[in-house]
Structure formats: C-alpha cells, structure tokens
Amino acid sequence: MIPLNITEIVDWSRAQFALTAMYHWLFVPLTLGLGIICAVMETVYLRKGFPPEWKKTVRFWMRLFGINFAIGVATGLILEFEFGTNWSNYSYFVGDIFGAPLAIEGIVAFFMEATFIAVMFFGWDKVSPRFHLTSTWLVAIGASLSAYWILVANSWMQYPVGMSFNLETARNEMTDFAQVAFSPVAVTKFIHSVSSGLVTAALFVCGISAWYMLRKREAFLAARSLRIGAVTGLIGSLLVAWSGDNSGVQVARIQPMKLAAMEAIYKGQTGAPLTVISLLNPAKRIDNDEPIHYAPVRIDGMLSLLAAHRSDAFVPGIEDLVYGNAAHGILSTRDKMERGEEARTQMARYVEARKTGDTATMRQVQRLFDTRTEEGRQFHDTYFRYLGYGYLDHPEEVIPNIPLTYYSFRVMVGLGVYFILLFAVVLWLGRKPLEGRKFLLRLLVWSIPLGYLAGQAGWIVCEVGRQPWTIQDLLPTGVSVSSLDAASVQTTFFLFAVLFTLLLIAEIRIMLKQIRIGSER
C-alpha cells in the first residue's frame, strides 16, 4: 500500500525522471543515426578515391554529430544516477539484474565510443584513411551497443525474465544472463529505437540539405547528403514499421493493459477494430458511455490482426483486465491482488521466523520460493508472479493514463506513415535535380522536429502505458521510490529543468552557427 504522505514524493520523482529522460532522448536519436550516416559517407569518400568535396561533406556532418554527442552524455549520466537517488527501493530490489547491462554499457560500449571518437575527430591527418574509417564505424557501432544495453535494462522492466527471488535478501537475482540480454522484447526494442534514430538523423540531414538548396549554397554537400539521407530514412522508416508490428504482438501478450489503453478498448472484442482517426470521449469511465466520441476512420479486425496476426483474435479490454473474463481465462485484478498479498504474507512469515529462529518455518517458506522444485514453481506461477498487486489499494490502479497513451500512439504511428511517404517521394522525385521543388524542400526543413516528436511519443506510449508498474506485475512505482523529502526533489526538478533547457539552447545555437558556416571551415 502507498501511504498518502509519500504520493507527493512519487509524483515529483516521476516528474524528474520523465524530465531527464525526455531531454536525454532529444540527443540520443541523432547520435545513433548521424553516427551511421557519417560512417556511410566516409565509406563513399574512400571508395571514390578521396575527393576533397566528399571530405568536406563528411567533416561537416561529423562536427554536428560531435556537438550533439557531447551534450547528450551529460543528460545520460544524470539519468543513471537518478536510479540510486530517487529510486533506491527499486535499485535494491533488482540491482543485481538491472545493474549488469548498465555496467556493460559503461565499461564496454561507452568506452569504445570515447576511445575512437578522438581518432574520428582529430585523426584525419594522423592515421591512415582506412584506420580512420574503421574508427568512425566503431564510434557508430559503439553508440548502438550503448543503446542496446540500456534498452536491455528497460526491456527487463517491461518483461522480467532470467531471474529468481532471494528470500534471504528480498532481492531478485539474475539466473540466466542470456535470457535477460537477448530477450525478444529487448531485441525488438533495440531495432525499433536504432531505426527510429536513423529516421531522426535522416530528417536532420535532409532538412539541412534542403535549406542549403533553397539558399543555393553548398550544392555538392546538399545534393549528395539529401540522397544518402533519404535512402537511410526510407530504410529506417520501414524497419520502424516492421519492428513496431513485432512490438505490438509482444505488448498484446505480456502487457495487455497497455494495448487496451493504446486503443481505448474498454470491453474485449473478437475482431477488434483499429481507429485511425478518432476523438476520445473525455467523460468516459469504466461502465459508462462510449469510449470514442468521434471515429470517422476505423478498420474492422485490424487491431486483432496487429495484436495476434489474426483478424478474428480476441483483444481484452480494460474492463476484462480489471474485473476478469472467465470465458477467456483472464483473472481479475482483485484476484491478482489476493495472490500478491499471499506472496507478501509468506515473505513476512519468513522474516518473522528468522527473528525467532524458527528454522522449520524458514525451510517451509524457502521451498515455496525455490523454483527448482515443483512446489516452488507452482507457488511462483500462482502467487509470486503477482507480487506487485499485493501493494495496490484498489483494482482500478492498474489503468494507465488512457488519453496520453492513446493520443501518443496515434502521433507516433501517424508520423511513421508520413516519414515513409516523405522519403519515398524525395527518392522518386530526386531522380532529377530538386532545387526547383521549393515546396518539397521547405517541407523537409519543417519536418526536422517531427522525428523528435515521434520518438518522444513512442517513449510516452512505452512508459506511461506500463504504469503503475516500475517492473511489470512485480513492483509498483509507488513502492520503488526513495525515502526523500518532497521539497528536495522539487528543487532538483527545477534545477534540472533550467540546466537541460540551457544545454538544449546552447546546442541549437552552436549547431545553427555551424550550419550557417557550412563546410568551408
């Protein structure tokens, strides 16, 4: 149960983490995508025999990459520290699992980036061209590896696997590193995130190239960069769509409440429709009114097809997941709360037995939590898997913020379709010079922020749709927070807000200055 006097701490801690994560994700996608684009451009530079125009082009985009990379590191470090400062209960409960991929990210991937980025920027005339190209590719690969291990940690929160519960320490401990590291959720999320980074970087490259074309500057850089950006963007957009489809199937299986919130489905349906353009009913609550106020475009059976790759599949709604649906084998949240309470009761029995030296009771409870035995597996599947529900006060707590999840999902998907069409049109029309197509060039310039908007919307769906869980079904957000004074969290929230905003303004100003200078530096 969450005491009323800590709800303010929970809210401010969530706000601070969301602030840091959203600012951080303004820098990460461009780092992921632009690193790969720079490596591709330098590869072309070598294959074409080192023409000076290509060298200027590569170095121009590398300067913009370096500005973004440096500022992104600062927000990333603060984000990781917040796990220990604001979410110490969470860190204690799963530190043995969650800390491992973050440690690998820091020791292997980040140091790999940090080592070769020096050669990438300062080694042009000091190392051989092939070694320099190798360094550029290693920076790009290092950035992707860094993202992979962070996404492994995040994916484990969505889909906790490869662990066992240590009753002595009341902590989850890793038992199968491969399950954690190569979880299907982690692999899909990695492909989705890196390909979305490619799209963001492609929009960035195409938009700046279009700006040069409109001003009749940097003709070589603009023409070559625009084509490479469009090809990269189309590939990235198609990968985003493919991995997004896989992610939808996974969400339907392991986080059905998130899927129900994404589509505002209150009553489960067979052959569930997908509402493409719609407006939520703001007065909708469980058991009253229709959830969709206005839906001029909907496709029957499409949500079932996306969720299970079958148009006649049953998609549970919010009411099914809260109140249960016996016909489809769905437990009610109340039943899960009772089972979670039983798991907590057994944990309390063990603690009390340790205090009194009751070894017989300790062994009895230990057998229940030992998944190597049939008794332990049965207890785990029946009770421990619902441990987090034992901390809830009422069943409706499992419902996330539906409007925020619902509309964010539509922003993400709608922009994803737009990007595919945009890059396809650029490549089709780009068979001839684009300098005269001013509408398209202006559209490319104004599309630069849309890549960031799509990425932010995707993370809102991912994280807000998972609430109230820090770890799906095992640990609610309200139990994960540190014992802090709310005023201290408020203070750091506003300090970080000012600091991150200043960093963002600084980055934009420095980048704009470099763009105005062009490749002639």
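The values are calculated or read from the model by the stated rules, or taken from the named source; none is laboratory data. What you see is a predicted model; the values in this text were computed from it and never measured. Heads up, the Cβs are rebuilt from the backbone with ideal geometry, glycines too, and the neighbour counts pull from every protein chain shown. Heads up: the accessible areas ignore ligands, DNA and RNA and are worked out on the full protein's heavy atoms, side chains in. Shrake-Rupley method; radii C 1.70, N 1.55, O 1.52, S 1.80 Å.
Quick one: is THR85 open to solvent by less than 30 Å² (accessible area, probe 1.4 Å) and of a type in the set (Ser, Thr, Tyr)?
On the way: open to solvent by less than 30 Å² (accessible area, probe 1.4 Å): no; of a type in the set (Ser, Thr, Tyr): yes.
Answer is no for this residue.
Does PHE220 satisfy being within 16 Å of the chain's Cα centre (by Cα), assigned to a helix (DSSP H, G or I) and of a type in the set (Phe, Trp, Tyr)?
no
Need pairs with beta-carbon distance below 7 Å; first residue without any contact (Cβ under 8 Å) to a residue 24 or more places away in the chain and farther than 17 Å from ARG171 by Cα and within the stretch 341-366, second assigned to a helix (DSSP H, G or I) and open to solvent by 30 Å² or more (accessible area, probe 1.4 Å); sequence gap 6+ or separate chains.
Close Cβ pairs satisfying both conditions: ALA353/MET362; THR361/ARG349.
Name the one entry in PHE50, PHE65 that is among the aromatic types (Phe, Trp, Tyr), at pLDDT 80 or above, under 21 Å from TRP137 (Cβ atoms) and surrounded by fewer than 20 Cβ atoms within 10 Å (Cβ to Cβ).
PHE50 is the lone residue from the list that is among the aromatic types (Phe, Trp, Tyr), at pLDDT 80 or above, under 21 Å from TRP137 (Cβ atoms) and surrounded by fewer than 20 Cβ atoms within 10 Å (Cβ to Cβ).
Name the single residue that is nearest to ASN166 (Cα to Cα) among those in the stretch 317-354 being assigned to a helix (DSSP H, G or I), open to solvent by less than 20 Å² (accessible area, probe 1.4 Å) and among the small types (Gly, Ala, Ser).
Restricting to residues being assigned to a helix (DSSP H, G or I), open to solvent by less than 20 Å² (accessible area, probe 1.4 Å) and among the small types (Gly, Ala, Ser), the top hit is ALA343.
Report the residue count in the stretch 153-177 for those that are open to solvent by less than 50 Å² (accessible area, probe 1.4 Å) and in a helix (DSSP H, G or I).
The total comes to 6.
So, of the residues in the stretch 194-234 that are of a type in the set (S, T, N, Q) and open to solvent by less than 10 Å² (accessible area, probe 1.4 Å), which turns out to be nearest to LEU444 (Cα to Cα)?
SER209
Right, LEU138: more than 20 Å from ARG253 (Cβ to Cβ), open to solvent by less than 60 Å² (accessible area, probe 1.4 Å), part of a helix (DSSP H, G or I) and touching a Ser or Thr at 6+ places or on another chain (Cβ under 7 Å) or not?
no
Determine whether SER519 is of a type in the set (Ser, Thr, Tyr) and touching a Leu at 6+ places or on another chain (Cβ under 7 Å).
Taking the combined requirement at face value, the residue satisfies it.
Assess whether PHE379 counts as being farther than 30 Å from LEU238 by Cβ, among the hydrophobic types (A, V, I, L, M, F, W, C), surrounded by 13 or more Cβ atoms within 10 Å (Cβ to Cβ) and at pLDDT below 90.
The answer is no for PHE379.
Starting from the stretch 263-280, take each residue that is at positive phi and list its partners that are hydroxyl-bearing (Ser, Thr, Tyr) and outside any loop (DSSP other than H, G, I, E, B), counting only C-beta distances under 7 angstrom and pairs at least six apart or across chains.
Once the first residue is at positive phi and sits in the stretch 263-280, its partners that are hydroxyl-bearing (Ser, Thr, Tyr) and outside any loop (DSSP other than H, G, I, E, B) give ALA264/TYR406; GLY271/SER304.
Take GLY390 and decide whether it is part of a helix (DSSP H, G or I), open to solvent by less than 70 Å² (accessible area, probe 1.4 Å), in contact with a Lys or Arg (Cβ under 8 Å, 6 or more places away or on another chain) and free of Cβ contacts under 8 Å to residues at least 12 places away in the same chain.
no
When GLY357 is evaluated against the numbered criteria (1) surrounded by 13 or more Cβ atoms within 10 Å (Cβ to Cβ); (2) farther than 30 Å from ASN401 by Cα, which criterion, by number, is the only one it fails?
Going through (1) surrounded by 13 or more Cβ atoms within 10 Å (Cβ to Cβ); (2) farther than 30 Å from ASN401 by Cα one by one, GLY357 breaks only (1).
In the stretch 107-126, which residues are surrounded by 15 or more Cβ atoms within 10 Å (Cβ to Cβ) and in a helix (DSSP H, G or I)?
First, the residues of the stretch 107-126 that are surrounded by 15 or more Cβ atoms within 10 Å (Cβ to Cβ): 109-110, 112-113, 116-117, 119-121, 123.
Hits for the stretch 107-126 are ALA109, PHE110, MET112, GLU113, PHE116, ILE117, VAL119, MET120, PHE121.
Do any residues in the stretch 164-181 that are basic (Lys, Arg) have Cβ atoms under 9 Å from those of residues that are modelled with pLDDT under 85 and open to solvent by 60 Å² or more (accessible area, probe 1.4 Å), where the two are at least six apart or on different chains, and which pairs are they?
ARG171/ASP96
What about ILE191, is it open to solvent by 30 Å² or more (accessible area, probe 1.4 Å), assigned to a helix (DSSP H, G or I) and within 24 Å of THR31 (Cβ to Cβ)?
It is true that ILE191 is open to solvent by 30 Å² or more (accessible area, probe 1.4 Å), assigned to a helix (DSSP H, G or I) and within 24 Å of THR31 (Cβ to Cβ).
I'd like to check something: does the stretch 23-36 contain any residue that is open to solvent by 30 Å² or more (accessible area, probe 1.4 Å) and either more than 22 Å from the chain's Cα centre (by Cα) or charged (D, E, K, R) (or both)?
Scanning the stretch 23-36 turns up no residue that is open to solvent by 30 Å² or more (accessible area, probe 1.4 Å) and either more than 22 Å from the chain's Cα centre (by Cα) or charged (D, E, K, R) (or both).
If I ask for residues that are open to solvent by 20 Å² or more (accessible area, probe 1.4 Å), out of contact with any Gly (no Cβ under 7 Å at 6 or more places or on another chain) and assigned to a helix (DSSP H, G or I), which ones from the stretch 397-415 would you list?
Passing the criteria: GLU397, PRO403, LEU404, TYR407, PHE409, ARG410, VAL411, VAL413, GLY414, LEU415.
Just to be sure before I move on: is SER247 out of contact with any Ser or Thr (no Cβ under 6 Å at 6 or more places or on another chain), open to solvent by 20 Å² or more (accessible area, probe 1.4 Å) and either modelled with pLDDT of 90 or more or in a helix (DSSP H, G or I) (or both) in the structure I sent?
In short, no.
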